[in-house]
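*Asks:* Dumping the structure here so I can ask a few things about it.
Bear in mind that the values in this text are calculations on the coordinates, not laboratory data. Since this is a predicted model, take the numbers as computed values, not measurements. Quick reminder, even Gly has a Cβ in these numbers, built from the backbone with ideal geometry, and neighbours come from all protein chains shown.
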Amino acid sequence: MTETYSGLMKEKTFVFPLRVYYSDTDAGGVVYYANYLTFAEKARTEMIRLFGWEHRTAMESAEKQAFVVRHCEIDYRRSAKLDDLLEIHTMVTKIKGASMNMEQRIQLDGKDIVVLSVKLACITMDGKPARIPVVLRDKLLPYVKCK
């Protein structure tokens, strides 16, 4: 596996620590709601990088592939604030031919503050569906956590 800048696998869950910075918040020091999507994206990117998939390399390869968000549901339960240390817990819940589902839990002090259900689609750079590369699928399959 390739090195990741932060985060680690704990059993079948990727745990990504993230500090809330001033730029993540509104004038009151509360995280702006859309930034939770960015936090989740960072965690997914680092998890997939851990399994050997680097987005730029894949986009520039002969296959010219990328992952895009096909569907996302988000449940906001509590707000995070400036300087909070969050953990984003990411679990793969299903892998199909050209897509995978993930559940992400953004936690503060061990409690869920935001929960996301995300479906990623693998596509070519011209927007056509593509099968998830076998090498990546084979690395991810042992970590699929059924709900």
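*Asks:* Compute the longest continuous run of the chain that contains no exposed chymotrypsin sites (Phe, Trp or Tyr not before Pro); treat a site as exposed when its DSSP state is not H, G, I, E or B and it has at most 16 other Cβ atoms within 10 Å.
*Replies:* No qualifying site falls inside 34-147, the longest such stretch.
*Asks:* List the lysines whose Cα sits under 19 Å from the Cα of K64, skipping any in the same chain fewer than 8 residues away.
*Replies:* K128
*Asks:* With springs only between Cα atoms under 10 Å, which of V118, V92, V20 fluctuates most in a Gaussian network model of the chain?
*Replies:* In the Gaussian network model the winner is V20.
*Asks:* I've got another one for you. So what is the 222 nm mean residue ellipticity for the chain from helices alone, if each DSSP H run of at least 4 adds -39500 (n - 2.57) and you divide by all residues, rounding to the nearest 500 deg cm²/dmol?
*Replies:* Helix-only estimate at 222 nm: -5500 deg cm²/dmol.
*Asks:* In the range 26-81, what trypsin sites (Lys or Arg not before Pro) fall in a loop by DSSP, with at most 14 other Cβ atoms inside 10 Å?
*Replies:* Listed in order of number, the matching sites are K64, R77, R78.
*Asks:* Which one is right for this structure if volume of the Cα convex hull per residue in Å³ is calculated from it: (i) 117; (ii) 216; (iii) 176?
*Replies:* (i)
*Asks:* A further question follows. Tell me, what HN-Hα J-couplings in whole Hz come from the Karplus equation 6.51 cos²θ - 1.76 cosθ + 1.60 at θ = phi - 60° for each residue of the range 85-94, using x for Gly and Pro?
*Replies:* 9, 9, 10, 9, 9, 10, 10, 7, 10, 6
*Asks:* While we're on this one: Apply 1/(1 + (r/R0)^6) to the Cβ-Cβ distance of A98 and Y22, taking R0 = 30 Å, and write down the FRET efficiency to the nearest 0.05.
*Replies:* 0.15
*Asks:* Quick one: putting +1 on the C-beta of Lys and Arg, -1 on the C-beta of Asp and Glu, what dipole do you get for the chain around its Cα centre, in Debye to the nearest 20?
*Replies:* Taking the Cα centre of the chain as origin, the dipole is about 600 debye.
*Asks:* Related question: Loop by DSSP (not H, G, I, E, B), at most 11 other beta-carbon atoms within 10 Å: where is the longest site-free stretch of the chain for GluC sites (Glu not before Pro)?
*Replies:* 12-147
*Asks:* I would also like to ask the following. Sum up the charges of everything whose Cβ sits under 12 Å from the Cβ of A80, counting Lys and Arg as +1 and Asp and Glu as -1, but leave A80 out.
*Replies:* Residues close to A80 contribute a combined charge of -2.
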